[in-house]
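Notes follow the structure.
FYI, it's all coordinate maths here, none of it is from the lab. Just so we're clear, the structure is a prediction, and the values are computed from it rather than from any experiment. Cβ coordinates were reconstructed from backbone atoms using ideal geometry, including for glycine residues, and neighbour counts include every protein chain displayed.
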Amino acid sequence: MISRINQGFSPRVASRAPWAAVILTALVVLAPAITAQTATPASAKTATPAHKHAAADTAAPGAPVKTIGNRNAPITMEVFSDYQCPSCGSFFENTLRAMIQDYVAQGKVYLVHHDFPLQMHTYSGQAARWANAAAMIGQFQDVDAALFDNQAKWPVDGDIEKYVSAAMSPANFKRVQGILKGCTAAPPTSKADRTAPQPDPGCPVDPYIVQDIVLGYQVPVQATPTFIIHYKGQSYPASSGIITWPILKQFFDTLLSQ
Amino acid sequence: MTPNETRGNLARTLLLFGRLALAAIFLFAAYAKLKPQAATGWSGSSIKTSLSLFAMQVDSYQLLPPQLVSPAAHFLPPFELFLGLWLLSGVLLRYASLITTLLLGAFFAVMVRTYMAGLEINCGCFGPGERLGPLTLLRDGSLLALALAVAIAAFMQGRKSRTEPAPVAHVSAPQRAD
């Protein structure tokens with residue numbers, strides 16, 4: 001077929017214009033995809049889950065523990081999330097909740113939460129502060145769930161405290177309030193220019209939020225929720241958006257059957 | 001060379017390079033979806049994992065029910081591979097280019113719908129790691145236009161070859177008259 005078509009070429013027609021057009025089109029069309037394929041995201045370059053790089057910091061006394069499940073589970077899933085983002089709320093309610101009850105409870109998956117509060121959300125930075133403070137006293141899972149469960153309510157007036165207090169005992173709530181006492185400046189949020197936000201010097205949780213945001217820039221997190229899955233020392237490319245639990249479970253089963 | 005001949009040659013050039021470009025794009029798309037997504041070698045297991053990862057990207061479009069996501073994700077990459085090889089072979093090009101145009105049209109429609117709905121997801125067009133945005137829409141729109149042009153050229157070429165006598169007949173006819 002190629003040779004039959006080539007018989008019709010004259011040197012003039014087979015001159016440079018069509019070639020140049022085709023090559024240019026191919027370059028324009030394929031360049032971003034090839035770049036995306038060849039450029040390895042920071043998350044995939046390393047076999048070490050991103051949360052383990054911060055081990056030195058998080059091992060410090062009082063560091064927030066924003067993880068759920070057994071650290072030795074074969075699969076680690078890191079989720080970059082914003083408490084005020086509707087997709088993150090939907091992802092938590094429809095996917096992560098089922099995953100926590102099923103594969104996290106069975107010791108198959110270790111879930112690591114990273115804060116990536118977006119600048120466009122008025123209260124997501126403050127919500128991250130509450131979650132980190134709760135994580136400092138081992139109450140992360142309950143507060144994490146309470147913030148997502150009431151995502152339609154607290155952004156209305158910014159009264160996050162009400163829902164955090166309902167998720168723990170009064171004594172624990174007092175401890176959390178005490179941690180956040182010095183947080184007076186605006187909370188850190190991710191920035192469009194990808195510069196590290198400034199933590200409030202008086203706020204003990206802000207450095208941990210900033211640390212998560214900077215980690216998110218390295219992935220790179222382009223939208224929330226974004227998650228990375230690690231298995232047997234391998235990191236899989238970051239995915240964004242809402243994935244249903246049956247499909248995520250299928251991916252885990254594929255990994256576990258290897 | 002007459003303007004008609006020039007046009008004919010240009011159409012043939014478009015047909016050849018257009019279908020080769022589309023073939024390359026489809027083969028690359030299939031490769032990107034099937035290749036090992038972690039630092040492992042090619043194996044049946046790595047392909048299965050890659051297809052499961054691709055299923056998550058299909059799922060993120062929130063278009064199909066979960067029971068259809070996996071069949072779609074397991075069908076598309078091998079079909080893209082088949083289509084790429086078909087386009088490369090040039091056999092029954094009219095049908096190959098028509099199917100390519102319909103497939104790219106469907107992809108483009110789904111992508112536009114998803115983008116308009118404000119979903120911030122990975123495109124999944126050439127494997128993981130590429131966000132769906134204006135540039136991916138522009139790229140897929142350009143591919144659709146190219147596929148449409150190739151399909152039109154292939155159909156015109158086919159019609160022309162059915163209605164016009166072959167060039168050999170023009171040469172041999174006067175000889176027979178003599």
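Among B:LEU68, B:LEU87, B:LEU20, the residue with the largest mean-square fluctuation in a Gaussian network model of chain B, with springs joining Cα atoms closer than 10 Å, is B:LEU68. The ranking of B:GLU130, B:GLU5, A:GLU161 from fewest to most other beta carbons within 10 Å of each one's beta carbon is B:GLU5, A:GLU161, B:GLU130. Calculated translational diffusion coefficient of the stretch A:52-256 (20 °C, 1.002 mPa s; Stokes-Einstein with Kirkwood radius over alpha-carbon pairs) equals 126 µm²/s. Between B:ALA72 and A:LYS181, the FRET efficiency from the beta-carbon distance, with R0 = 45 Å, is close to 0.30.
With a simple spin-label model that places each label point 7 Å from the Cα along the Cα-to-Cβ direction, the separation between B:LYS48 and B:ALA117 comes to 3.0 nm. Counting neighbouring Cβ atoms within 10 Å and putting the fewest first, the residues B:ARG139, A:ARG97, B:ARG19 line up as A:ARG97, B:ARG139, B:ARG19.
Per residue of peptide B:45-55, the mean number of Cβ atoms on other chains within 10 Å of the residue Cβ is 4. Within the stretch A:90-180, the percentage of alpha carbon pairs spaced more than 20 angstrom apart rounds to 37%. Approximating the spin labels as points 7 Å out from Cα along Cα→Cβ, the B:PHE155-to-A:SER169 distance works out to 7.5 nm. The mean number of Cβ atoms from other chains found within 10 Å of a Cβ in peptide B:88-95 is 1, as a whole number.
Given R₀ = 35 Å, FRET efficiency for A:GLN218-B:LEU10 by Cβ-Cβ distance, to 0.05?
Working: r = 49 Å, r/R0 = 1.40.
The formula returns an efficiency of 0.10 here.
The label point for A:GLU161 and the one for B:VAL110, both projected 7 Å from the Cα toward the Cβ, are 4.9 nm apart. Separation of the alpha carbons by more than 21 angstrom is noted, of A:LYS162/A:LYS191; A:LYS66/B:LYS33; A:LYS66/B:LYS48; A:LYS153/A:LYS249; A:LYS249/B:LYS33, for A:LYS162/A:LYS191; A:LYS66/B:LYS33; A:LYS66/B:LYS48; A:LYS153/A:LYS249. Within the stretch B:9-162, the ratio Rg/Rh, alpha carbon atoms throughout and Rh by Kirkwood, equals 1.01.
Counts of other chain beta carbons within 10 angstrom of each beta carbon in peptide A:246-254 average 6.
Can you give the FRET efficiency to the nearest 0.05 for A:GLN258 and A:ASN70, using r as the Cβ-Cβ distance and R₀ = 25 Å?
My answer for the efficiency is 0.80.
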